[in-house]
Amino acid sequence: MALFLNSTNLYAKNNGEQLYTNNCSACHGANGDGGVGVPLALPDFQYGVTNDYLEKTIRLGRPGRVMPAFTELTNAEVKAIVKHIRSWAPGKPFKYSDKKINGNQKHGRQLYIKNCAACHGSKGEGGQGTGVTMSRPRDLPIIAPALNNPGFLASAPDMMIKTVLMNGREGTPMLSYLKQGLSEKDIDDIVSYVRSFENPQQTTKTEEKISPTITYESPFSLEETVASLKRAIIGKNFKIIREQYVNQGLVDKGQEDKNQVIVYFCNFNFLNRALAIDPRVGLFLPCRVTVVEHKGKVIVMSSNPLYMSNLFNNENLHKLCEEMYQVYADIIEESTF
Amino acid sequence: MFGIFLALFTAPSYAEELLMVRTKQNFPEAMLKLQDTIRDHHYSISRVQRIDIGLTKSGYETDKYRIVFFADKKEVSVIANNYPHLIPHIPWKIAIFAEQQDTLLVSADPMQFSDKKHSGADKYLLKWKKDLKKIFNEMRKSN
């Protein structure tokens, strides 16, 4: 009966290496050497985090910072992954007490702004970028974490944050702030300030149900609608790069369904901005609107960038997707008006 | 009894966000392997789109980035005729790009487009998800 698992994880049940390969290696590298994600095999990282921190991170992820929450993994599977991660750095990791630190938050804020904000952001929002290299020059081995991230704050106890501040993290730009001249009390104050990023008053946003598709019905014929669509695209400073039928390339030439037309378009400035934020977004590029005649109606459709944004768990990308949603909505509305 | 036994091996129907895999193959080899693997799973490749225009302007050192569009032509016809709300999302696609010496592949989970109002489409979405996972599994293993 223990065999009733999904086919992907059938072999992987409690096999930490296989679970890691299936779920983690795409971002963190086959041997924890990083890439999109943190280099988990980095010794100073390993010795500075607890198993509890790793387990919570896997469970909670980092909302808005690419790392997903793996809610579908069982406790045994999460523990197996952590055990595998630990195999890269033999030796005992730190153990932290649950002691809360009660420093001076006001003073902590001053010290934070002076010493931490340059990398971690003035509001703890973290370094920019996803860590994806795409073979471009990468000046940091690790992107500075978002200290205000609810996933991070729920995973990292005060004593862990304090220890990292005191000792630094070798192999990363994170310095020892004791060596930089701060006192232990100063560090306690910074920890208390970082902890203040937690916002227990914040209510959970009710998630509005977003459709994966933007759809408008056109009062015009298919051909008129396609022509109008192209004008609207150009009017929005996009370049039309291709027009084709939906099943073009799948059927013999001349056999395509001419009632289903795709118009692809692009603004290269926008493309560059999107890929710089998260190269995975190329999955939904180039921009595309489809015009279909179906059961006597002409429908104009596109995928909804707001819906797609949720797939990336990248706050910075979301802003761009909001922009793109407006572009699509404007173009489609104009072409059907 | 066999049906129950078989059902126990069915992949879960929850929707993941993105499906991602890393292969140790370099980009040109991974591209070839991907296209072969897609065809081995009885899909046709309708187009390979380049996404390299202006990449160097973004600081990328590589232009090794492609989107591979693929589908089963009969399934496309069924989807287009019966579930037009899915038309903007087909043919399905995989983004493939170099990440230093490795190659990354990304696709969306088709089950993300499952809709209770059109549950008849789920069998196609689930089939595509399973096939994508098999394709990605083969890509991961090929080093």
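Evaluate the stretch B:55-67: report whether one residue or more is surrounded by 19 or more Cβ atoms within 10 Å (Cβ to Cβ), modelled with pLDDT of 95 or more and in contact with a helix residue (DSSP H, G or I) (Cβ under 8 Å, 6 or more places away or on another chain).
For the stretch B:55-67, residues surrounded by 19 or more Cβ atoms within 10 Å (Cβ to Cβ), modelled with pLDDT of 95 or more and in contact with a helix residue (DSSP H, G or I) (Cβ under 8 Å, 6 or more places away or on another chain): absent.
Hey, can you tell me all the residues within the stretch A:288-337 that are farther than 21 Å from A:ASP257 by Cβ, small (Gly, Ala, Ser) and either surrounded by fewer than 20 Cβ atoms within 10 Å (Cβ to Cβ) or within 9 Å of another protein chain (Cβ to nearest Cβ) (or both)?
Once the filter is applied, which keeps residues that are farther than 21 Å from A:ASP257 by Cβ, small (Gly, Ala, Ser) and either surrounded by fewer than 20 Cβ atoms within 10 Å (Cβ to Cβ) or within 9 Å of another protein chain (Cβ to nearest Cβ) (or both), the stretch A:288-337 yields only A:ALA329.
How many residues does the stretch A:16-29 contain that are away from chain B (no Cβ under 11 Å) and at pLDDT below 90?
So the count comes out to 0.
Condition first: modelled with pLDDT of 90 or more, among the aliphatic types (A, V, I, L, M) and assigned to a loop (DSSP other than H, G, I, E, B). Can you find one or more residues in the stretch B:41-53 that meet it?
no
In the list A:LYS79, A:LYS92, A:LYS99, A:LYS13, which residue meets the criterion of being surrounded by fewer than 20 Cβ atoms within 10 Å (Cβ to Cβ), at pLDDT below 95, over 30 Å from A:ILE190 (Cα atoms) and charged (D, E, K, R)?
After ruling out the rest, the residue left standing is A:LYS13.
Could you list, in sequence order, all residues of the stretch B:78-99 that are assigned to a helix (DSSP H, G or I) and more than 7 Å from chain A (Cβ to nearest Cβ)?
B:VAL78, B:ILE79, B:ASN81, B:ASN82, B:LEU86
Consider the stretch A:164-182. How many of its residues are of a type in the set (Ser, Thr, Tyr) and under 27 Å from the mean Cα position of the chain (by Cα)?
Total satisfying the criteria: 1.
What about A:ILE113, is it at pLDDT 95 or above, closer than 17 Å to A:MET160 by Cβ and surrounded by fewer than 19 Cβ atoms within 10 Å (Cβ to Cβ)?
no
When you scan the stretch A:220-234, do you find a residue that is outside any loop (DSSP other than H, G, I, E, B), of a type in the set (Gly, Ala, Ser), free of Cβ contacts under 8 Å to residues at least 40 places away in the same chain and closer than 19 Å to A:SER335 by Cα, even just one?
yes
Go through the stretch A:238-280 and give me each residue that's in a strand (DSSP E or B) and of a type in the set (D, E, K, R).
A:LYS239, A:ARG242, A:GLU243 - these are the residues of the stretch A:238-280 that are in a strand (DSSP E or B) and of a type in the set (D, E, K, R).
Among the listed residues B:ASP72, B:ASP102, which satisfies the condition of being touching a Leu at 6+ places or on another chain (Cβ under 9 Å) and facing chain A (nearest Cβ under 9 Å)?
The conditions single out B:ASP72.
Applying the selection to the stretch A:55-83, what residues are under 21 Å from the mean Cα position of the chain (by Cα), free of Cβ contacts under 8 Å to residues at least 60 places away in the same chain and assigned to a helix (DSSP H, G or I)?
A:GLU55, A:ILE58, A:ARG59, A:VAL78, listed by residue number.
Of all residues in the stretch A:233-253, count the ones that are surrounded by fewer than 20 Cβ atoms within 10 Å (Cβ to Cβ) and either more than 14 Å from chain B (Cβ to nearest Cβ) or of a type in the set (Val, Ile, Thr) (or both).
7
The values are calculated or read from the model by the stated rules, or taken from the named source; none is laboratory data. As the structure is a computational prediction, the values presented were derived from the model and not from experiment. We place every Cβ from the backbone using ideal geometry, glycine too, and count neighbours over all the protein chains shown.
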